[in-house]
Amino acid sequence: MAIVTLEQVKALLGITDNSKDAQISALIEPVEEHYLRIRNKPFETDEEGKTVYPEGAALTAAKMIQFHLNTDKRTGIAGQSLGDHSVTFKDTIQGYPREIVGGIRRFVKFV
């Protein structure tokens, strides 16, 4: 089982048509890998060896997928000025805006 399913992504993001199904499906596995890299700790497993995802993981993964779908917003640049050319970059974690993935670390329990 993946961190999020196609159906969950569509429901969480309010997507009602099928035009992006292939793209969403292709993004689920890489987004789970990105989530794990940001989390910096493997997911827990139950007695049967099935992965137990943290509360809120599906919503965060859906937002990460939405970020990829909105490619025009993925520049990473928050602002530019022309005089003496200045560039300000967005506050990101592993390339994702902090407001999307900032909560991942709060689900990590250190023993």
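The values are calculated or read from the model by the stated rules, or taken from the named source; none is laboratory data. The model shown is predicted, which means the values in this text are computed figures rather than measured ones. FYI the Cβ positions are ideal-geometry reconstructions off the backbone, even for glycines, and counts take in every protein chain you see.
When each of Pro54, Pro42 is tested for being in a loop (DSSP other than H, G, I, E, B), of a type outside the set (Asp, Glu), in contact with a helix residue (DSSP H, G or I) (Cβ under 6 Å, 6 or more places away or on another chain) and modelled with pLDDT under 95, the lone residue that passes is Pro54. Selection of first residues in region 52-63 that are touching a residue at least 40 places away in the same chain (Cβ under 8 Å) and of second residues that are part of a loop (DSSP other than H, G, I, E, B) and of a type in the set (Gly, Ala, Ser), restricted to Cβ pairs under 7 Å at least 6 apart or on distinct chains, gives the following pairs, ordered by first then second residue: Gly56/Gly103; Thr60/Gly103. Within region 44-54, identify whether any single residue is under 23 Å from Gly103 (Cα atoms), within 12 Å of the chain's Cα centre (by Cα) and surrounded by 12 or more Cβ atoms within 10 Å (Cβ to Cβ), and answer yes or no. Checked against the condition, which is being under 23 Å from Gly103 (Cα atoms), within 12 Å of the chain's Cα centre (by Cα) and surrounded by 12 or more Cβ atoms within 10 Å (Cβ to Cβ), region 44-54 yields no hits at all. Whenever a residue of region 91-111 is on the phi < 0 side of the Ramachandran plot and loosely packed, with under 13 Cβ neighbours inside 10 Å, its partners that are modelled with pLDDT of 80 or more and part of a loop (DSSP other than H, G, I, E, B), lying with C-beta atoms within less than 6 angstrom and at least six residues away or across chains, give the pairs Val108/Lys41.
Just so you know, in region 90-110 the residues that are modelled with pLDDT under 70 and within 19 Å of the chain's Cα centre (by Cα) include one that is farthest from Leu36 (Cα to Cα), and it is Lys90.
Only one of Gln66, Gln8, Gln23 is exposed (fewer than 13 other Cβ atoms within 10 Å of the Cβ), of a type outside the set (D, E, K, R) and assigned to a helix (DSSP H, G or I); which? Step through it out loud before you land on a result.
On the way: Gln66 fails: exposed (fewer than 13 other Cβ atoms within 10 Å of the Cβ); Gln8 fails: exposed (fewer than 13 other Cβ atoms within 10 Å of the Cβ).
On inspection, the qualifying residue turns out to be Gln23.
Considering region 31-42, the residues that are touching a residue at least 24 places away in the same chain (Cβ under 8 Å) and not β-branched (Val, Ile, Thr) include one that is surrounded by the fewest Cβ atoms within 10 Å (Cβ to Cβ), namely Asn40.
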